[in-house]
Amino acid sequence: MTSCCSSKPAPKIKDLDALTKVYASLADPTRLRILALLRDGEICVCHLHASLDVPQPTASRHLAYLRKAGLVDARRQGIWMHYHLTPQDNPVVAAVVAASLHALSHTEASVKDERRLQVARKAS
């Protein structure tokens, strides 16, 4: 089997559960917006919830879902968690995530979220 855009054979999906988790994670607008914000690097949860204009517990719940799916990871700094995208080893999952991030970069919501992120970062 070859992929539609390359003469190379398409990668085989060895773990259908992983792909299913990714698609389930991408099925929520708030989680998509989080991924779009994280595409340029690490962000503190305090800035994420301000950028999304959602309560901090809501942002944390969606981030926990994305962590469980293996799409984001976090590190603690003091009382705050800082989140970043997780590099994907599975080429199929990586392609799905990359395509989603590309599509998100063309949405009005993503542009507004980025503006709010800049304001939140300047305010802190």
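Taken over region 105-124, the criterion of being surrounded by fewer than 17 Cβ atoms within 10 Å (Cβ to Cβ), among the small types (Gly, Ala, Ser) and under 14 Å from Arg33 (Cβ atoms) is satisfied by Ser105, Ala109. The set of residues in region 75-104 being within 14 Å of Arg39 (Cβ to Cβ), loosely packed, with under 13 Cβ neighbours inside 10 Å and not aliphatic (A, V, I, L, M) consists of Pro87, His102.
Does Arg61 fit the bill of being under 19 Å from Gln88 (Cβ atoms), of a type in the set (Lys, Arg) and not in a loop (DSSP other than H, G, I, E, B)? It would help to see each step written out before you state the result.
Values: under 19 Å from Gln88 (Cβ atoms): no; of a type in the set (Lys, Arg): yes; not in a loop (DSSP other than H, G, I, E, B): yes.
No, not satisfied.
Here is the figure for region 32-65: residues that are among the acidic types (Asp, Glu) and either surrounded by 18 or more Cβ atoms within 10 Å (Cβ to Cβ) or in contact (Cβ under 8 Å) with a residue 24 or more places away in the chain (or both) total 2.
Being modelled with pLDDT of 90 or more and part of a loop (DSSP other than H, G, I, E, B) is the filter here, so list the residues in region 1-52 that pass it. If the condition is that a residue be modelled with pLDDT of 90 or more and part of a loop (DSSP other than H, G, I, E, B), then Leu26, Ala27, Asp28, Arg39, Asp40, Gly41, Glu42 are the ones that fit. Counting only residues that are without any contact (Cβ under 8 Å) to a residue 24 or more places away in the chain and in a loop (DSSP other than H, G, I, E, B), which one in region 76-124 is nearest to Val45 (Cα to Cα)? The residue in question is Ile79. The set of residues from region 40-71 being aliphatic (A, V, I, L, M) and over 21 Å from Gln118 (Cα atoms) comprises Ala64, Leu66, Ala69, Leu71.
Kindly evaluate Leu52 against the criterion of being closer than 27 Å to Asp17 by Cα and not polar (S, T, N, Q). Here the answer is no, as Leu52 does not meet what is asked.
The values are calculated or read from the model by the stated rules, or taken from the named source; none is laboratory data. What you see is a predicted model; the values in this text were computed from it and never measured. Cβ coordinates were reconstructed from backbone atoms using ideal geometry, including for glycine residues, and neighbour counts include every protein chain displayed.
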